[in-house]
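Below: the structure, in structure tokens.
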Amino acid sequence: MSEVNKLGKATLKFDGKTIELPVFEGSEHEKAIDIRRLRKETGLITYDPGFVNTGSCQSEITYIDGEKGILRYRGYDINDLAEKCEFVEVAYLLVHGKLPGKKQHQIFSTHLNSHSMLHEDMRHFFDNYPDHAHPMATLSAMAVSLSSFYPELETSKKENIDIRVTRLLSKMRAAAAFSYKKSIGHPIVQPRHDLSYCENFLNMMFRTPVNGYEPDPVCVRALNKLLILHADHEQNCSASVVKMVGSSDANLYASISAGICALWGPLHGGANQHVIEMLERILKKDRGNVKKVIERAKDKNDSFRLMGVGHRVYKSYDPRAKVAKQMCTDVLDQMGVKDPLVDLAQELEEAVLADDYFKSRSLYPNIDFYTGLTYRAMGIPTNMFTVMFAIGRIPGWIAQWLEMKEDPDGRIGRPRQVYTGPTKRKVS
Ligand code: SDX
């Protein structure tokens, strides 16, 4: 872990006691008070539901400036990576801290191919799974099952990491495609060594014994960019779950399986599916009346929230949403697809950006607002959108998990609480 910059002390006075706590800053000048001695020296704990003000670790992986709308993976700006790299290269970057050279890229891609098939017994798992199962349930079940099929890899030795990363990346891709084929009653399509990571995914999703499907280069490029946009996002809900599970020394596959479940929630990765369902409802039920849905979102007595809007860290436009918005219109134009939901989404965005309720709370479109519209144009079904988010996020979750494993300050995660329940009483 890189050295931090010590900035002096913060003084806390309470109940006649004074304590001085060290303050330090990271490489991008984020400042923190180190409270590790707080309870021992004052008996006080901090109270911070949702960890809005709490830093759980020091990290060298991803930097976000929420006020300026900046996102960088290992120092590289997201716009640069999305424009110039392949998802496989960004996966390597997140895990290893540097972009792969030609040879490393080739070895990594070879691993992806050699681990791309699912164990036949895993494949038969689908035979007895309900057709209507949500693919996120399938994905989480398949992820944790990998620890049963490949127990030999559960060591923390770094040299295994390329095999574990590529095994997860390629098998989760297969599990996602297989769950889709199962849901529509089509025969599964096995991966091919002559196709790239994204070409393979589209081929496994859409090829049938009779349609001679070939992946459209426009969709391949778009999928590549979308997976890069989703690849990591520092200490978000699902990454924190992956690390919390891993902090008990549970294996990597179990940790990723838990992260998939956390991502599924509509307040997190599940939002991309709920954005489309919200837009379809506005179009069909409210005859495109955007004003009505804006009023509902502002009504404190209504639990409804505008899906794809707002963010814990971004208090400006999510830089990923900017890329996703441009990509959405480009892909639809290039594919000659017309979708009334895109115009509705743009109208809804304009209404949000013009409304004081949202402006005063720094609520802007986030990554989930436009990504679903691009997946939809590519023919990916709505209930697969969060699966796409999960596949993109796998390298980020692994990088965060590995960093936690190697953190000298790392220990099992176990927050405290303020108890407000009944005081001591006897059974009468
Ligand atoms: C992701 O953390 C990450 O990095 C996540 C992510 C990643 O890459 O991993 O970026 C991916 O999860 C993106 C977010 C996807 N979720 C949604 O789009 C769901 C809709 N958004 C909200 O539910 C909400 O904005 C959250 C969950 C994203 C953030 O919640 P916070 O930070 O806890 O904010 P909050 O609930 O405290 O809201 C602050 C205020 C409240 O109003 P007041 O109490 O101040 O009057 O803003 C309001 C909220 O009611 N508000 C909204 C709103 N989001 C916040 N009001 C209407 N619609 C919304 N969408």
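The values are calculated or read from the model by the stated rules, or taken from the named source; none is laboratory data. All values derive from a computational prediction rather than experimental measurement. All Cβ positions, glycine included, derive from the backbone under ideal geometry; neighbour counts span all protein chains shown. These area figures cover heavy atoms from the full protein model, side chains too; ligands, DNA and RNA do not enter into them. Shrake-Rupley method; radii C 1.70, N 1.55, O 1.52, S 1.80 Å.
In table form, for the structure just shown:
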read-out	value
Only one of 270, 265 that is within 11 Å of the ligand (Cβ to nearest atom) and in contact with a Cys (Cβ under 9 Å, 6 or more places away or on another chain)	265
Looking only at region 280-304, and only at residues there that are in contact with a helix residue (DSSP H, G or I) (Cβ under 6 Å, 6 or more places away or on another chain) and within 13 Å of the ligand (Cβ to nearest atom), the one that is farthest from residue 231 (Cα to Cα)	302
Given (1) near the ligand (Cβ under 10 Å from one of its atoms); (2) within 22 Å of residue 398 (Cα to Cα); (3) of a type in the set (D, E, K, R), number of the condition residue 249 does not satisfy	(1)
Qualifying residue in region 231-243 (condition: more than 16 Å from the ligand (Cβ to nearest atom) and open to solvent by 10 Å² or more (accessible area, probe 1.4 Å))	no
Any hit, region 318-338, residues being within 13 Å of the ligand (Cβ to nearest atom), farther than 21 Å from residue 266 by Cβ and not β-branched (Val, Ile, Thr)	yes
Some residue of region 278-299 being within 27 Å of residue 392 (Cβ to Cβ) and under 13 Å from the mean Cα position of the chain (by Cα)	no
Residue ranges of helices (runs of 4 or more DSSP H) in region 76-194 with at least 2 members out of contact with any helix residue (DSSP H, G or I) (no Cβ under 6 Å at 6 or more places or on another chain) and open to solvent by less than 20 Å² (accessible area, probe 1.4 Å)	161-183
Members of region 281-333 that are assigned to a loop (DSSP other than H, G, I, E, B), small (Gly, Ala, Ser) and open to solvent by less than 10 Å² (accessible area, probe 1.4 Å)	308
